[in-house]
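Only one structure is covered here, and it is reproduced in the block below.
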Amino acid sequence: MRHSLLLASATLLALPTWLPCQNQPRQNQPIQGPILVLAEQRDHTAAGAPFEFTKLPAPAQDDLATNATFTVLAGQRSDNGAELTALHDGKLPGSADAPSENFFFAGGSGGRLLIDLGKPTEVAEVNTYSWHPGPRGPQCYTLFAASGTAQGFNPAPAGNVNPATCGWTAIATVDTRPRLLGPGGQHGVSICRATGSLGTCRYLLLDVQATDRDDGNSQTFWSEIDVHGPKASPAQIVTHTADGKYEITLDVSAAPALQVWATQTMLPVVKEWYPKIVALLPGENFTAPTSLSITFENPGRGVAATSGTHIVCAAEWFLQNLDGEAKGAVVHELVHVVQQYGQRPRDRGEPAPGWLTEGIADYVRWYLYEPESHGADIQNPSAANITAGYRVTANFLHWLSATQEDAVQVLNTALRTGTYSSKFCTERFGKRLPELGKQWQKELLAKDEASNGGPTTLTFEERRAGWQLLWNGKDFRGWHSYHEKDVLPGWQIKDGVITCADPHNAGDLCTNEQYDAFELYLEYNISRGGNSGIMFHVNNQGGATWASGPECQLLDNKEGKDPQRAGWLYGLYNTQVDATRPAGEWNQLRILISPEGCAHQMNGVTYFQYLIGSPDWNQRLAKSKFASMPKFAKSPTGFLALQGDHGLISFRNLKIRPIAPKTDKK
């Protein structure tokens, strides 16, 4: 069964007006993180009744919406669809294409649904479900909430009235139109927080859009809308591995939004891989812990930490990475439970180096659990150092294991028993680890040099998929500096890399060709404190590229001074996730721009998605500094531009896949 998960975050810049003033925080109440939008799709070829998701709760039959009053404020109900009661009666469609069992709007751009809970009520999550084998499956809407007590409150804003101007607060924007699977299937959405509730309100409003802005008949088939108040904390779950040897305790009481994923997706991985890790890292007179616990809470800004046999996971990070690194992060921590290096005799050997401890855990994760992800590939061999820990050390251990098959097991035993030392490594491997590290790095550099002889080449699969070289890797043919005929001398080329070497005499580097819809791939390496960007749909009618072209920000997130972080759409869309690598290392960036939707992906992690010209886009644009720029984001086509007046930055491996206009309208 194929599933696809989309996650976006919605942050509020001020205290929501729909929170009554008397609703003061309770003592010992968990710190509330940002509002999250979790969305999951069951491919139409596998979807069936009932709605069964791996990360989201199933539709409920008894929730706050059951006795609420539903009203259409804008748009019209289709005569071919179900009445509004179908949205909250707990009954689900029996098949994929069942108009009479789903509510949907008549032809047009969409409509508005009002939900009146009857009184101010604490809301923990709002869940929406839809089902159709084609383009009526996805969901596109903005959720607003109101207490009804704000001055000038309008309980029924018409379609041409912005709810934010009359006592409503925008909570989140949802767009589940898929990038990988087809649009058909069952779509589920949960708007919630990692911990705590959304707040207290009486009214909810869904401002619904058609899934295809050029086809008014692409109206979502809405199957159910659930509104949940705070739930009783889920009880701890105690389970065992298949052989019965190991006991696992799961606690999601502080993060109930993770209960479905943790029980249905994570626990099977833990039960399968903990015994495997125990077998992989044995030891004489050593017995691995027979019980362990995994708790989801918010222990700061990290990902996860292990103390003895207790794993603590940051709920907010995991919710943002359910389809990314979440499962692998748990496998990493399982290795720490088995390692138990703190048991070594205090009078024997050297303490276990942290970089090696983490490197072994990441070796198990990236090379045994999920080798297909290539998460430990080295992007910048010149900066590779075995003591960097985690992925880098894991790569070294993988290299060492190619000639020393049991290298990881040998090191694990030495670290656990206190026999690890430089002398031990020399006797066992022929050289000290730092010396082996130099040999490893030398081979990495040789491999990188060989591949960089043709970094701007395309594979057969890429050519077949429509990819083109954006830069030939040799000279500036096809490029010019903004408002110039040629390229200014601040831009230089060396060893298959474009570098902004002198920001004072570089300006922005633009393509000669113009692009409308496309997928862009490139790699960039930014200096410490560096600041740059990539603009698209740029024209010559402004004094700067950013006067017309939206910008994907590039920044050294650690030392850069700009509050806009790398990968963000400058001033418009952002994320809490930071997948960038440190200054001096190569980052992989993908940008998708199309009339059906846009997305930014940093080092394999999708940051956010948006739709140019959508109500959400227009609302954000109106509040940004670009609102006063008459040419900004007005053109559907234009140059691509690499910003070169803010700091040192290098680019390589620039590729683009033009996307043909959509013609198969139905």
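The values are calculated or read from the model by the stated rules, or taken from the named source; none is laboratory data. This one's a predicted model, so the numbers in the text were calculated from it and none came from an experiment. Neighbour counts are summed over all protein chains in view; Cβ atoms, including those assigned to glycine, are modelled from backbone coordinates with ideal geometry. Each accessible area value is taken on the protein alone, full model and side chains, heavy atoms only, with ligands, DNA and RNA left out. Shrake-Rupley method; radii C 1.70, N 1.55, O 1.52, S 1.80 Å.
Take the residues in segment 326-352 that are of a type outside the set (A, V, I, L, M, F, W, C) and in contact with a strand residue (DSSP E or B) (Cβ under 8 Å, 6 or more places away or on another chain), then tell me which one is surrounded by the most Cβ atoms within 10 Å (Cβ to Cβ).
Per the criteria, the residue is His332.
How many residues, within segment 627-645, are assigned to a helix (DSSP H, G or I) and out of contact with any Leu (no Cβ under 8 Å at 6 or more places or on another chain)?
So the answer is 1.
Restricting to segment 439-497, name every residue that is modelled with pLDDT under 90, exposed (fewer than 13 other Cβ atoms within 10 Å of the Cβ) and part of a helix (DSSP H, G or I).
Ala446, Lys447, Glu449, Ala450, Ser451, Phe460, Glu461, Arg463, Arg464
Could you tell me whether Ser373 is small (Gly, Ala, Ser), over 27 Å from the mean Cα position of the chain (by Cα) and closer than 27 Å to Gly437 by Cβ?
Numbers: small (Gly, Ala, Ser): yes; over 27 Å from the mean Cα position of the chain (by Cα): no; closer than 27 Å to Gly437 by Cβ: yes.
So Ser373 does not fit the description; no.
Is segment 353-366 home to any residue that is exposed (fewer than 15 other Cβ atoms within 10 Å of the Cβ), within 17 Å of Gln339 (Cβ to Cβ) and in contact (Cβ under 8 Å) with a residue 12 or more places away in the chain? Outline the logic, then answer.
Step one: list which residues in segment 353-366 are exposed (fewer than 15 other Cβ atoms within 10 Å of the Cβ), which gives 354.
Filter once more, keeping what is within 17 Å of Gln339 (Cβ to Cβ): 354.
Those still in the list that are in contact (Cβ under 8 Å) with a residue 12 or more places away in the chain too: 354.
Yes; the residues of segment 353-366 include at least one that is exposed (fewer than 15 other Cβ atoms within 10 Å of the Cβ), within 17 Å of Gln339 (Cβ to Cβ) and in contact (Cβ under 8 Å) with a residue 12 or more places away in the chain.
List the strands (runs of 3 or more DSSP E) inside segment 573-617, counting only whole elements, that have at least 1 residues being polar (S, T, N, Q) and open to solvent by less than 10 Å² (accessible area, probe 1.4 Å).
On the way: elements: 587-593, 598-602, 605-610.
Fully inside segment 573-617 and qualifying: 587-593.
Considering only segment 138-160, state which residues are touching an Asp or Glu at 6+ places or on another chain (Cβ under 7 Å) and either without any contact (Cβ under 8 Å) to a residue 40 or more places away in the chain or not hydrophobic (A, V, I, L, M, F, W, C) (or both).
Tyr141, Thr142
Condition test on Ser95, is it over 30 Å from His600 (Cβ atoms), out of contact with any Ser or Thr (no Cβ under 9 Å at 6 or more places or on another chain) and among the hydroxyl-bearing types (Ser, Thr, Tyr)?
Details: over 30 Å from His600 (Cβ atoms): yes; out of contact with any Ser or Thr (no Cβ under 9 Å at 6 or more places or on another chain): yes; among the hydroxyl-bearing types (Ser, Thr, Tyr): yes.
Yes, satisfied.
Go through (1) in a strand (DSSP E or B); (2) open to solvent by 20 Å² or more (accessible area, probe 1.4 Å); (3) of a type outside the set (Val, Ile, Thr) for Leu522 and report which single condition fails.
Of everything listed in (1) in a strand (DSSP E or B); (2) open to solvent by 20 Å² or more (accessible area, probe 1.4 Å); (3) of a type outside the set (Val, Ile, Thr), Leu522 misses just condition (2).
Of the numbered conditions (1) surrounded by 17 or more Cβ atoms within 10 Å (Cβ to Cβ); (2) under 30 Å from Asn385 (Cβ atoms), Gly638 fails exactly one; give the number of that condition.
Evaluating Gly638 over (1) surrounded by 17 or more Cβ atoms within 10 Å (Cβ to Cβ); (2) under 30 Å from Asn385 (Cβ atoms) leaves (2) as the failure.
Only residues that are modelled with pLDDT of 90 or more and outside any loop (DSSP other than H, G, I, E, B): list them for segment 42-74, please.
Thr69, Phe70, Thr71, Val72, Leu73, Ala74 - these are the residues of segment 42-74 that are modelled with pLDDT of 90 or more and outside any loop (DSSP other than H, G, I, E, B).
List pairs: first residue in segment 99-110 and on the phi > 0 side of the Ramachandran plot and touching a residue at least 24 places away in the same chain (Cβ under 8 Å), second residue in a loop (DSSP other than H, G, I, E, B) and surrounded by fewer than 16 Cβ atoms within 10 Å (Cβ to Cβ) anywhere in the structure, Cβ distance under 7 angstrom, at least six positions apart or on different chains.
Close Cβ pairs satisfying both conditions: Gly108/Gly216.
Identify all residues within segment 400-438 that are open to solvent by less than 50 Å² (accessible area, probe 1.4 Å) and more than 27 Å from Arg346 (Cα to Cα); write none if there are none.
Within segment 400-438, Leu400, Ser401, Gln404, Leu436, Gly437 qualify.
Quickly run through segment 269-310 and pick out the residues that are within 23 Å of the chain's Cα centre (by Cα) and either without any contact (Cβ under 8 Å) to a residue 40 or more places away in the chain or assigned to a helix (DSSP H, G or I) (or both).
If the condition is that a residue be within 23 Å of the chain's Cα centre (by Cα) and either without any contact (Cβ under 8 Å) to a residue 40 or more places away in the chain or assigned to a helix (DSSP H, G or I) (or both), then Val269, Val270, Pro299, Gly300, Arg301, Gly302, Val303, Ala304, Ala305 are the ones that fit.
Table: residues versus (1) β-branched (Val, Ile, Thr); (2) farther than 21 Å from Val238 by Cβ.
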{"position": "Val303", "(1), (2)": "yes, yes"}
{"position": "Leu319", "(1), (2)": "no, yes"}
{"position": "Ala329", "(1), (2)": "no, yes"}
{"position": "Val337", "(1), (2)": "yes, no"}
{"position": "Arg344", "(1), (2)": "no, yes"}
{"position": "Gly354", "(1), (2)": "no, yes"}
{"position": "Val364", "(1), (2)": "yes, yes"}
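Hey, could you check segment 525-548 for residues that are in contact with a Leu (Cβ under 8 Å, 6 or more places away or on another chain) and assigned to a loop (DSSP other than H, G, I, E, B) and say which is most open to solvent (accessible area, probe 1.4 Å)?
Applying the first criterion (in contact with a Leu (Cβ under 8 Å, 6 or more places away or on another chain)) to segment 525-548 yields 526-527, 530-536, 538.
Right, trim to assigned to a loop (DSSP other than H, G, I, E, B) and you get 527, 530.
Values: Ser527: 37, Gly530: 2 Å².
Here the answer is Ser527.
Report, ordered by the first and then the second residue, all pairs with beta carbons closer than 7 Å, sequence separation of six or more or different chains, a first member in segment 219-239 that is without any contact (Cβ under 8 Å) to a residue 12 or more places away in the chain, and a second member that is part of a loop (DSSP other than H, G, I, E, B) and crowded, with 24+ Cβ neighbours inside 10 Å.
Correct list of pairs: empty, since none qualify.
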